[in-house]
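Read through the structure below, which is laid out as structure tokens, and then see the notes.
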Amino acid sequence: MGKALITFYSRADENYLNGRIQKLKTGNTEVAAGILQKLTGADLFRIEQEQPYPEDYNECIEQARRDQEKAARPELSEWPESISGYDVIYLGYPNYWSTMPMAVFTFLEHFDFGGKTIKPFCTHEGSGMGRSLRDIKKLCPTAEVEDGLAIRGGDAKNAEDVFREWI
């Protein structure tokens, strides 16, 4: 399949998990990305905002909602030098308000994904992929966007078999 990059957005701190708010040292999407890296040997890049969302879960989701309403494109703290050497981009993110966090939109708009295969995966607590596949296809019209994999956040640490089947 060619050289692969796992790029992901993840958030630790307070998260909604298994029906309640819990404090996480490592975000669910980062856990999932680590499993995927173990299975594929792909390079890894974490998408991070210059101004992170608040640690408090309710403040975070409210800010994420406002960002989505105004189609914000948060500045990222760093970028991969290039994605030209990659054929496959695994794109991981939590489902925020039925799609990706706006920082992922910033990332996707920054690069030319022409001729690349994008394999999206998301963590969620019941909302699946939402409309994120449609959004990725709109942002990356020259890429091949494959069916995504939705992983319940509470199950991320046990997702190795699910990833094995998907890749």
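The values are calculated or read from the model by the stated rules, or taken from the named source; none is laboratory data. Small disclaimer: the values here were computed from a predicted structure and weren't measured. Ideal geometry is used to build each Cβ from the backbone, glycine not excepted, and the neighbour counts take in all protein chains shown. Note: accessible area is taken over every heavy atom of the protein model, side chains too, but ligands, DNA and RNA are not part of it. Shrake-Rupley method; radii C 1.70, N 1.55, O 1.52, S 1.80 Å.
What the table below lists for this structure:
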item	result
Residue match in the stretch 20-27 (condition: open to solvent by 40 Å² or more (accessible area, probe 1.4 Å) and either over 21 Å from Ile151 (Cβ atoms) or touching a Leu at 6+ places or on another chain (Cβ under 9 Å) (or both))	no
Strands (runs of 3 or more DSSP E) within the stretch 59-167 that include 1 or more residues surrounded by fewer than 20 Cβ atoms within 10 Å (Cβ to Cβ) and among the polar types (S, T, N, Q)	117-124
Subset of the stretch 42-57 that is assigned to a loop (DSSP other than H, G, I, E, B) and open to solvent by 60 Å² or more (accessible area, probe 1.4 Å) - its residue that is farthest from Ile89 (Cα to Cα)	Glu55
